[in-house]
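Inspection log for the structure reproduced underneath, given as structure tokens.
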Amino acid sequence: MGLIQDTLDYLYKRRENLEKGKVNCILSPFVRFRQDFVGIEQETYYCVTGNQKTAKSQFTSYMFLYTPILYAFDHPDQVRVKIFYAPFEESKKKVTMRFMRYLLYIKSGFQTRVSHHELTSTIEGHPVDEEILKELSEDPKYRQILDFFEEKIEFVDAKNPTGIYKQIVKYATDHGERIKQPVTITDEFGEQKTVEKIIGYKPIDPDEYVIIITDHVGLLQEESGKDKRQTIKKYSEYMMELRDYYRYIPVIVQQQSSEVQSMDAFKMNRISPTPGALADCKDTRYDVNVMLGLTNPHAAQVNMYKGYDITKLRDNQRFLEVMLSRDGTANATKALYFDGAVSYFRELPGPKNPIYEEFMEKVYATINRLREQAAQAAVSLFTFKRGK
């Protein structure tokens, strides 16, 4: 079968999927931004980048962990998911507790908002409400999703590129068939030999979305004989292979270089990330399909940014930018509301939108209410300590 017919068959198949009520991607939760960032697609390599204090880890979890987990839970007839997670900055337990806080928030209709210190009973005299723990452990609304989360996520124990790659390839070989063909190569001594080369992969379940999250690549353990840049480059090569041959979905978090985060850059209002400022290894910008950047104007001490009043939004504002996209629009930006306590993001209307002023007043009211609650909690804690 020729290339043209293969391509046409692929296009007909995707059209047929939609007609049958299936999907060809896990849609982004940012509905008005889907024209620029449609969501999570198979055979696509993503990079999330930003300066310090931009919530890269929380956004990555929200977009590439929470969104696919909940979608697959709600639509088992459409997609299945498997998520490999390499959280170099956090423990497995912290990743799980962050998901619990997010789940409590959205499944309670945005009523149960519990911070990390509250959930873990960290502050003396303020144990977490036992009803919250009972809900997580006994209420099917939460427990079924948590059990599904545990079933579908696999934490990566390896720290170096080759170790991570081998763990994922083992999963691939257990859940599909690698298609190989013999090729003749010439070794360093001029001797010819025949080896098998992987040219494709046939999964048992073609509707399974296998997502590989690495947070972040700068913390990869260096490969033998390689420095940090070479190690990251090698890892990215592995990720491209997993994308190209297995149709997997690599997601890497990568810091911006320290030069971009300097005070001089802030003074010149250069606070958004750029592909050329990736830390440790800039080559990944040539490998990924989509690069997403996060900007936090409040951390840069900016009062107004792209028409939004940062003095009112403060740390509850983020800007999501499609910095690179091989198959869509680049340099598109969307303003987001962000609640760090529960890793929650929501798109905001643009300043030219007719509902902008009315909607933003509701956002400001929510932010002020959360600040008042935090202040009251601080007073309560201070009073408890003095009266003890």
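Amide H contacts for Val128 (H built 1.01 Å from N in the peptide plane; partners 5 or more residues away or on another chain; cut-off under 5 Å): Ser121.
Pick out, in residue order, every one of the GluC sites (Glu not before Pro) in the stretch 15-84 that is DSSP loop and has at most 13 other C-beta atoms within 10 Å; say none if there are none. Numbers along the way, then the final one.
On the way: sites: Glu16, Glu19, Glu41, Glu43; in loops: Glu41, Glu43.
Loop-located and lightly packed - Glu43.
Charge dipole of the stretch 156-202 (Cα centre as origin; +1 on each Lys and Arg Cβ, -1 on each Asp and Glu Cβ, all else neutral): 220 debye, rounded to the nearest 20. Taking square-rooted eigenvalues a ≥ b ≥ c of the alpha carbon gyration tensor, is the stretch 47-134 rounded, prolate or oblate, where a/c under 1.5 means rounded and, failing that, a/b exceeding b/c means prolate? Oblate, since a/c reaches 1.5 and b/c is not below a/b.
Near the amide H of Tyr201, within less than 5 Å, lie the amide hydrogens of Ile179, all on another chain or at least 5 residues away, with H placed in the peptide plane. Legend: P(r) of the stretch 65-112 from all alpha carbon pair distances, 5 Å bins from 0, whole percents, reading 5, 18, 21, 23, 19, 12, 2.
Of the trypsin sites (Lys or Arg not before Pro) in the stretch 126-219, which ones lie in a loop per DSSP and count no more than 16 other C-beta atoms within 10 Å?
Details: sites: Lys134, Lys141, Arg143, Lys152, Lys159, Lys166, Lys170, Arg178, Lys180, Lys193, Lys197; in loops: Lys159.
Sparse-neighbourhood loop trypsin sites (Lys or Arg not before Pro): Lys159.
Of all DSSP beta bridges confined to the stretch 42-284, the antiparallel ones make up roughly 35%.
Is any helix in the chain, taking whole DSSP H runs, at least 15 angstrom long along its axis by alpha carbon and on average at least -0.5 on the Kyte-Doolittle scale, and which ones? Each step should come with its number before you reach the end.
Working: long enough: 3-19 (24 Å, -1.03); 92-107 (22 Å, -0.31); 140-152 (17 Å, -1.18); 161-174 (20 Å, -0.41); 228-246 (26 Å, -1.54); 356-387 (46 Å, -0.35).
Result, helices passing both filters: 92-107, 161-174, 356-387.
Quick one: which of 234-246, 104-116, 360-372 comes out on top by average Cβ neighbours within 10 Å, and what's the full order, highest first?
Details: 234-246: 19.9, 104-116: 14.8, 360-372: 13.1.
Highest-to-lowest ranking by the protection proxy: 234-246, 104-116, 360-372.
For log10 I(q)/I(0) by the Debye sum over Cα atoms at q = 0.08, 0.11, 0.12 Å⁻¹, pick the label among (i) -0.49, -0.83, -0.95; (ii) -0.48, -0.89, -1.06; (iii) -0.43, -0.83, -0.99 that corresponds to the value derived from the coordinates. The calculated read-out lines up with (ii). Each of Leu320, Ile310, Val156 was placed along the dipole of the chain (beta-carbon charges, centred on the mean Cα), and the one lying farthest toward the positive end is Ile310. Amide H contacts of Tyr305: Ile310, each under 5 Å away and 5 or more positions distant or on a separate chain (H built 1.01 Å from N in the peptide plane; Pro and chain starts excluded). Write out the chymotrypsin sites (Phe, Trp or Tyr not before Pro) in the stretch 118-174 meeting two conditions: DSSP loop, and at most 16 other Cβ atoms within 10 Å of their Cβ. Counting only loop positions with at most 16 other Cβ atoms within 10 Å, none of the chymotrypsin sites (Phe, Trp or Tyr not before Pro) in the stretch 118-174 qualifies.
The listed peptides 121-127, 347-353, ordered by packing as a protection proxy, come out as 347-353, 121-127 (highest mean of other Cβ atoms within 10 Å first). In sequence order, what are the phi-derived ³J(HN,Hα) couplings for the stretch 309-323 according to the Karplus relation 6.51 cos²θ - 1.76 cosθ + 1.60 with θ = phi - 60°, rounded to whole Hz, with x for glycine and proline? Taking θ as phi minus 60°, the curve returns 7, 6, 5, 9, 7, 6, 7, 8, 10, 9, 10, 9, 10, 7, 7 Hz for the stretch 309-323.
Among the lysines of the stretch 207-319, pairs that are 8 or more positions apart or on different chains and have alpha carbons within less than 26 Å of each other number 8. The charge dipole of the chain, taken about its Cα centre with unit charges on the Cβ atoms of Lys, Arg (+1), Asp and Glu (-1) only, comes to about 940 debye.
Ranking Leu65, Tyr201, Gly125 by Cα position along the charge dipole of the chain, where only Lys, Arg, Asp and Glu carry charges on their C-beta atoms, puts Gly125 farthest toward the positive end. Can you list the aspartates and glutamates whose alpha carbon sits under 20 Å from that of Lys13, skipping same-chain ones fewer than 8 residues off? Once the sequence-local aspartates and glutamates are set aside, what remains near Lys13 is Glu41, Glu43, Asp77, Asp205, Asp207, Glu208, Asp244, Asp327. Residue-wise HN-Hα couplings along the stretch 297-302, as the Karplus relation 6.51 cos²θ - 1.76 cosθ + 1.60 with θ = phi - 60° gives them from phi, are x, 4, 5, 8, 6, 9 Hz; Gly and Pro carry x.
Coordinate-derived values only; no laboratory data. Everything numeric in this text was worked out from a predicted model, so none of it was measured. All Cβ positions, even for glycine, are placed from backbone atoms using ideal geometry, and neighbour counts span all protein chains on display.
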